[in-house]
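What follows is a single structure, written as structure tokens, with notes after it.
The values are calculated or read from the model by the stated rules, or taken from the named source; none is laboratory data. Note that this is a predicted model, so its numbers are computed, not measured. Cβ atoms come from the backbone with ideal geometry, glycine included; neighbour counts cover every protein chain shown. Ligands, DNA and RNA are stripped out before the accessible areas are found, and what is left, the full protein with its side chains, is counted by its heavy atoms. Shrake-Rupley method; radii C 1.70, N 1.55, O 1.52, S 1.80 Å.
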Amino acid sequence: MMENNDILLDVRNLKVHFPIEKGILFKRKVGAIRAVDDVSFTVRRGEALGVVGESGCGKSTTAMAIAQLQPITAGQIFFEGKDLAAMTPEELRRARMKFQIVFQDPYSSLDPRMRAGDLIAEPLRIYARRGILNLSNQEIKKKTAILMDRCGLSSSFADRYPHEFSGGQRQRIGIARALSLDPKLILADEPVSALDVSIQSQILNLLKDLQQEFDLTFLFIAHDLAVIEYFCSRVAVMYLGHIVETADALTLYKEPLHPYTRALLSAVPLPDPRIARKKQRIILKGDVPSPSQIRPGCPFMDRCPQVMDRCKREAPRLSLTGEGHEVACFLYDSPSTSAM
Ligand SMILES: Nc1ncnc2c1ncn2[C@@H]1O[C@H](COP(=O)(O)OP(=O)(O)OP(=O)(O)O)[C@@H](O)[C@H]1O
Ligand SMILES: [Mg+2]
């Protein structure tokens, strides 16, 4: 395998399928929900890769699979060049410290019976108990206070319970907790979408500052394209378990290629004056089809305004159309890529 030190996370042909079962006593598998269906991408050190797409397209499942919180059906996940599946349990425990999730809803993801200080200290205590971290109680206390302060929480709040905080403050607890083990990669799953707009930018700014200060790399999931544009240097667009387009953020917003990306972008007003987009709203017909249906062709064919006959027979593969710009669409298919 070619070593590339720049690449922190390398996801290859990831599939996560959920079985659909029938029967109460004797379950038999009658189908599968293909939540993530052959997804490949890389995240370089220090960048923030945005993942965008409508509800149900497989964004959270992708993050959960990377975080080892969801078993995978097929594919490989390399972290710092090492295949997670090939690691010993001990190696995996150590690797797991280096990537942490920040969830959308800090209320349901934080144990309501635990105090803020304990919530933030918990990962440190667990790893110290296992002997992986060599930290005394005193050191853990000190580190917790520093993290609270850095995330904009007064350490005098350490004894309060999650319900005593506002939504934004709860998310600060979630962020401090995620940072406690000095991770390299943050899997941020809609970290601001449950918050009021006025609070969103405070949390986004905090995350940006922390990115600089702690050299963090982000996989940043959101359905809000303006949030992604603000936070991310590169973007992957997902549709029905597939990545349909990736590009650096400026290129994607300026020159979206995939009809799905175009439709998504046409629906949002973006404040960035660098992006002179024609204001023509593309309305998508119908709903996202069920990910349990198995059918040939492009996943977007039934809603695509530019669908061709070929799209109903074959699925286009993600291929390069420009520097770092990949799209899975026959509209941009050159003879050399289709011959491969
Ligand atoms: N544990 C599960 N069992 C069965 N199906 C699941 C499970 N988790 C997710 N799914 C299905 O997998 C698909 C992808 O879900 P996922 O939560 O990853 O989407 P998402 O892109 O994160 O959506 P949202 O924007 O609403 O958060 C959906 O069809 C969902 O219903
Ligand atoms: Mg989700």
What residue among K82, K15, K27 has the largest mean-square fluctuation in a Gaussian network model of the chain, using Cα springs under 10 Å?
K27
Connecting every pair of Cα atoms under 10 Å apart in the chain and solving the GNM, the largest mean-square fluctuation among L240, L284, L252 falls on L284
Top positive-direction residue, dipole computed over the chain with Cβ charges, set T251, G168, T61:
T61
Write down the accessible area per residue of the range 1-82 in Å², having rolled a 1.4 Å probe over the full set of protein chains.
53
MRE, 222 nm, helices only [DSSP H, n ≥ 4, -39500 (n - 2.57), over the chain, to nearest 500]
-9000 deg cm²/dmol
Vicinal HN-Hα couplings computed from phi for the range 89-102 (Karplus, 6.51 cos²θ - 1.76 cosθ + 1.60; Hz; Gly/Pro x):
x, 5, 4, 5, 4, 5, 5, 4, 5, 8, 10, 10, 9, 10
Compute the semi-axes of the equivalent ellipsoid of the range 1-155, taking the square root of 5 times each eigenvalue of the Cα gyration tensor, and list them largest first in whole Å.
32, 22, 17
Pull up the cross-link candidates among the lysines for K312, meaning alpha carbon to alpha carbon under 21 Å and not fewer than 8 places away within one chain.
K285
Lone Cys, the chain, Cβ cut-off 4.7 Å -> C57, C151, C232, C304, C329
Longest principal axis of the chain (C-alpha) makes with the long axis of helix 167-179 (C-alpha) an angle, in degrees to the nearest 10, of 80
What's the whole-number percent of alpha carbon pairs in the chain lying beyond 25 angstrom?
56
Taking the DSSP beta bridges in the chain as the whole, what percent of them are antiparallel, to the nearest 5?
65
Any chance you could give the angle, 0 to 90 degrees and rounded to 10, that helix 116-129 forms with the longest Cα principal axis of the chain?
90
Nearest 10, in degrees from 0 to 90: the angle of helix 137-150 to the longest Cα principal axis of the chain is 50
Can you return the lysines within cross-link range of K59? Criterion is Cα-Cα under 19 Å, with same-chain partners fewer than 8 residues away left out.
K15
If I compute solvent accessible area with a 1.4 Å probe over the protein chains, what percent of it on the chain is carbon and sulfur?
51
When the chain is modelled as a GNM with alpha-carbon springs shorter than 10 Å, which of V197, V11, V235 fluctuates the most?
V197
Once each part is reduced to its C-alpha centroid, what is the distance from the range 91-111 to the range 148-203 in angstrom?
13
Mind listing the long-range amide H neighbours of T217? Cut-off is under 5 Å, sequence gap 5 or more, other chains count too, H placed in the peptide plane at 1.01 Å from N.
G46, L185, I186
Considering every pair of different Cα atoms, what Kirkwood radius, in Å, is found for the range 106-150?
11.1
Please work out the average accessible area per residue across the range 85-215, using the 1.4 Å probe convention, and give it in Å².
51
With +1 assigned to the C-beta of every Lys and Arg and -1 to the C-beta of every Asp and Glu, and no other charges, what is the dipole magnitude of the range 149-225 about the Cα centre in debye, to the nearest 20?
100
